[in-house]
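Take a look at the structure set out below.
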Amino acid sequence: MSSRMSRHLKIGLIVLAVGFAITLGLFVDVIGRIQSMVQEKEPIGNPFTPAPAPLYEQTDPPMTVKVFFPGMKDDIILSAEDQTIRRSGELANRARQILQKVLEGPKSLSLYPSIPKDTKLQEVFIDDMGMAYVDFSNTISANHPGGIVNEQATVYSIVNSLTYNLPEIRQVKILVGGAEKETLAGHCLLLPLGMDLSITDITPSKEQVNHAD
Amino acid sequence: MKRVVTGFVFVTLAAAVLFYTRSLSAADTDFLIYFENSTLALKSQTLDRAVYLPLQEIVRHLGLASTDATGVMTFTIQGQNSRLVLTPGSGFISYNDQPILLQNPIRREGGQWLVPLDFLSQGLSRVAGVEFRYRPGTRRMFAGKVTTTELAMNAQSLGALTRLTLRAGSPIEVDLQKETAQRRAVLVLKGRAIDPARERLEYKDALVQSVEFEDSDGMPRLLIGMAEGVRDIRLTPSDGNRVYFVDFVREVVSEAATPTTPTASAASTARANANITAGAGVRVIVIDAGHGGIETGATNSGTLEKDVTLLLARRLRTALQSRISATIVLTRDSDIDLTSEARAGVANNNQAGLFISLHTGYSPDKMASGSSIYVMKPDFTGGLSEPAGGRLFLPWYMAYRPNAAASQTMAQSLQKNLIEALPESKFPIRFGPVGVLASATMPAIALEIGNLNNDTSVKTLLDPDFQTKFTAALAEGIGQFAAGGRKQ
């Protein structure tokens, strides 16, 4: 009787242990999936890829640009700050330099950075119709603190900084992690957007009024 | 030990046998078949978990020729050019010598032929040339060209009153009969072939005990069991008699009389009752609680935007229900994530007259107090240039355009009321490419309240007094806009 009991006990324990192991395995797998979804790792740079081509030549003349940053006051969401880039031959390189300035944040203490820290500019492409496709790393969306005004500030600091300084760019389409996204962080549509100076402290020139969508 | 196990097994078996025999036993209930010009009431029987109807009565009502051959145990129904033969104990019936398999067998008990419900749609409809429509779980069937009126009902407690909302697919007349002695109210629905979405409402509160649909005698009506506290019942038709509000009031409030020393709550109840029909032009208002689920929105040490917006949306619903006789729908009433399109879709699909999306703000400036009213950017083209002859179809993100002006008017109405109630904030009206507003086909605004990066603002947002004040001002603004001529 007791040996049968102990055999039953053993079988029971084995079944329990197997069940527990399967559940644990599933749990670890699910946790892993969630973690990989939440923090998508930036791809590790290949050490054998050649160094990126410089965005400008030393001989390129300097160019003053207006870079837009959040600085809220009543109707104004964005304030312009003068910064200097080099007038490089290629339009996309000028766009990259401007976006680099947007990513670095403002010099003035009264203004705030518009893009979450650690966000990287992955790609810029400008088509013949004057549409600039700018691709940022996932952090621009995942680490965005939220708020409609704040999100509008992020989106238009990119759109206005490009369209105001580079008239060849008529509209900007923001991509996140190489893909299209409905909204940046639940509020602002990421469809192609034109310049909007009504939310800035800059009065548009006649040419720019015609240029906006 | 062995005894305990045997006892347990015995008790379980006994319970199972009891349950099985109960389900087998015939439970007599009434079943209705609505025909175009008549109604047939039948005694149905539940046998082996299937509902059975007496065949001879149906055949007689339809005026079909039939032969009950007791010798060979068959029942034959003759149509114009067709013949249907039934044999007891078999799920097979023969239609013009072609076999049809039913889910449950035909039965013959005590000289009576009993047929399962699917016999009517599978077999009888072929010989009779009449279609039978049946919704599982109900006690009625609709035959032929009978036009049914769908009836949806829901109940909500609004503090001093409980409101039962009836929504019919087509205009109906409702007659209220108060049977105060029996603590019962009967709503006679003067329309034939009413098809209720639910037979009874799973709702019970301090005033309403039960709501049940009853039509066993062919007269559709709602039986409402009331509690002792009900002093008055008011019936308000709306939307061309498609919607009825039945209010069960705890105490009779005289609308003209104003108490000499009014308490805040009594005054607000009186005002709520006085204004209750305001905004009758708007049938449905959809409130969107921003974010939800994995999308928490802005955060501040444990305070999540998704929770604050849901709380405010629920409060706003209550505030609106006591002011406006419109149905208030929330895009989400739990912690779930929805896309912007899905949120606007709730408003579009419910044919809402107003759409309002609630959000909390987040400013990098820790001192800012936030709060803005957002309207969709009016000149937003989403990258498309306007064709010369106008558009035949609007892309989804331009659905807001026909109501752009009305959205601005609504924003101004809300701004006025909000500034009056909460003068510390300016509530500027802003324009932006807000996803949730783009595809809404009615006046729509997004409201951003407070700044989650400002601890003082967070405290204010979580303060119930502030929430009441804010939602009351908002509801007042919505009511004024709705009454101001926005008709559907």
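Nothing in this text is a laboratory measurement; each read-out follows from the coordinates by a stated rule. Just so it is clear, the model here is predicted, and its values are computed rather than measured. Counting neighbours? That spans all protein chains shown, and the Cβs are built from the backbone with ideal geometry, glycine included.
The table for this structure:
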| item | result |
| --- | --- |
| Cα→Cβ-extended label distance, 7 Å offset, between A:Phe27 and B:Ser125, nm | 5.2 nm |
| Filter on A:Lys117/B:Lys469; A:Lys181/B:Lys306; A:Lys181/B:Lys416; A:Lys117/A:Lys173 - keep pairs with C-alpha separation over 28 Å | A:Lys117/B:Lys469; A:Lys181/B:Lys416 |
| Cα-based equivalent ellipsoid, the protein assembly as shown: semi-axes from gyration tensor eigenvalues, Å | 61, 36, 29 |
| Mean separation of Cα contacts under 8 Å (6+ apart) over length of chain A, as relative contact order % | 17 percent |
| Residue with peak Gaussian network fluctuation, chain A [Cα springs, cutoff 10 Å], from A:Gly130, A:Gly32, A:Gly12 | A:Gly12 |
| Separation of the A:Thr59 and B:Ile294 label points, Cα + 7 Å toward Cβ, nm | 5.2 nm |
| For segment A:50-122 and segment B:121-177, distance of Cα centres in Å | 64 Å |
| Amide hydrogen neighbours beyond the local backbone of B:Asp195, cut-off 5 Å, H modeled | B:Thr149, B:Glu150, B:Leu151 |
| Within straight-line cross-link reach of A:Lys10, lysines at Cα separation under 29 Å, skipping those fewer than 8 residues along the same chain | B:Lys2 |
| Relative contact order (%) - criterion: Cα under 8 Å, at least six apart; region: segment A:88-210 | 23 percent |
| For segment B:469-483, Karplus couplings with θ = phi - 60° (6.51, -1.76, 1.60), whole Hz, Gly/Pro x | 4, 5, 5, 5, 5, 5, 5, 4, x, 5, x, 5, 5, 5, 6 |
| FRET efficiency for B:Ala421 and A:Lys73, using Cβ-Cβ distance with R0 set to 35 Å, rounded to 0.05 | 0.90 |
| Percentage of interatomic Cα-Cα distances in chain A larger than 26 Å | 46 percent |
| Amide H partners (placed H, <5 Å) of A:Leu175, local residues excluded | A:Val134, A:Asp135, A:Phe136 |
| Pairwise centroid distance, computed over Cα atoms, of segment B:458-478 with segment B:188-251, Å | 33 Å |
| Reachable lysines, given that their alpha-carbon falls under 17 Å from the alpha-carbon of A:Lys73 and they are not under 8 places away in the same chain | B:Lys366, B:Lys426 |
| Segment B:54-103 - Rg and Dmax from Cα coordinates, angstrom | 10.7, 27 |
